[in-house]
Amino acid sequence: MKLVDFFKKFNAKIKQNNIVLLVLLVYNFVWAICKILFGAITASYFFCVSGVSTLLIGLTKQIYLKNYRADNVEQKRKKAISISVLLIASSLFFVFYMSKYFFLNETKNYGTILSIAIATFSFVELGISICNFVKAKKSNDILLQSLKGCSLASSCFAIALTQVALLSATNTNANLFNGIIGVVMGVFSALIGIYLLVVCAKQKI
C-alpha cells in the first residue's frame, strides 16, 4: 500500500508541475538547434527551415508553462492567440520544408530499424495527442486547448516525416507522394491554428 501511495503522489506531483511538458520543451529546443546547426554546416538550408518549425512549436509550450496558472481569463485568451499564431507560422515553415520533395531526384535511406522506430513513436504520439485534444476541447481552458492543438499538429508533422523514413527504408523513390502528404499535413496543421484563432475570438470574456 505504501508503494501504491508513493506512485499516486508521484504521478500527482508530475501533473502539478508539468514535468513532462518541460521535458518536451527542452527536447523541442535542443532538437531545433541541432537541425538548424546541421543545416547551416552542411548548407542544407531546408533543415534550417525544419528547425525553425520545431523551434516555434517549442515556443508554444513555453508560453503555456508561463501562463497556465494565470487567473486572468483575458490574459489566457491573448496567450492562446499567440500560441495559435505560432502554430500557423510553424505549419507554413513545415509546408515549405516538405515541398522540397517535389524537386528531388533521389531519396535518402534511413535504414529499416530506425524507420520502424520512428514510425512507432510517431503513431503513439499521434494517438495521445488526439485523446488529449478531445479532452481539452471539453474544458473551458482556451490555453490548454491551444496547447493540445499544437501537440496534434506536431504529431501530424511526425507522421509525414515517418512516411518519408519508411519509404526510404524500402528504397522507394516516392518524392512526389512524400511532398503531397507533407504539404497536406502542414496545411491541416495551419487549419488547426486558424480554428483555434476563431475559438479565441468567439470566447466570451
Test set (1) touching a helix residue (DSSP H, G or I) at 6+ places or on another chain (Cβ under 6 Å); (2) of a type in the set (A, V, I, L, M, F, W, C); (3) loosely packed, with under 14 Cβ neighbours inside 10 Å; (4) modelled with pLDDT under 75 - Cys131 fails condition number: (1)
In the range 61-90, residue farthest from the chain's Cα centre (by Cα) [restricted to those that are assigned to a helix (DSSP H, G or I) and among the hydroxyl-bearing types (Ser, Thr, Tyr)]: Ser82
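If you take the residues in the range 26-60 that are in a helix (DSSP H, G or I) and at pLDDT below 70, which one is surrounded by the fewest Cβ atoms within 10 Å (Cβ to Cβ)?
Among those residues, the one meeting the criterion is Thr42.
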From the options Lys148, Lys79, residue that is at pLDDT 85 or above, closer than 20 Å to Gly58 by Cα, crowded, with 20+ Cβ neighbours inside 10 Å and charged (D, E, K, R): Lys79
Options Asn109, Asn105: the member that is modelled with pLDDT of 70 or more, over 30 Å from Arg69 (Cα atoms) and of a type outside the set (A, V, I, L, M, F, W, C): Asn105
Failed item, numbered, when Ile159 is tested on (1) farther than 19 Å from Trp31 by Cα; (2) modelled with pLDDT of 80 or more; (3) aliphatic (A, V, I, L, M): (1)
Filtered residue count, the range 64-84, keeping only those that are among the aliphatic types (A, V, I, L, M) and under 18 Å from Ala201 (Cβ atoms): 4
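The values are calculated or read from the model by the stated rules, or taken from the named source; none is laboratory data. In this text the structure is predicted, and so the values were computed from the model without any measurement. Cβ coordinates were reconstructed from backbone atoms using ideal geometry, including for glycine residues, and neighbour counts include every protein chain displayed.
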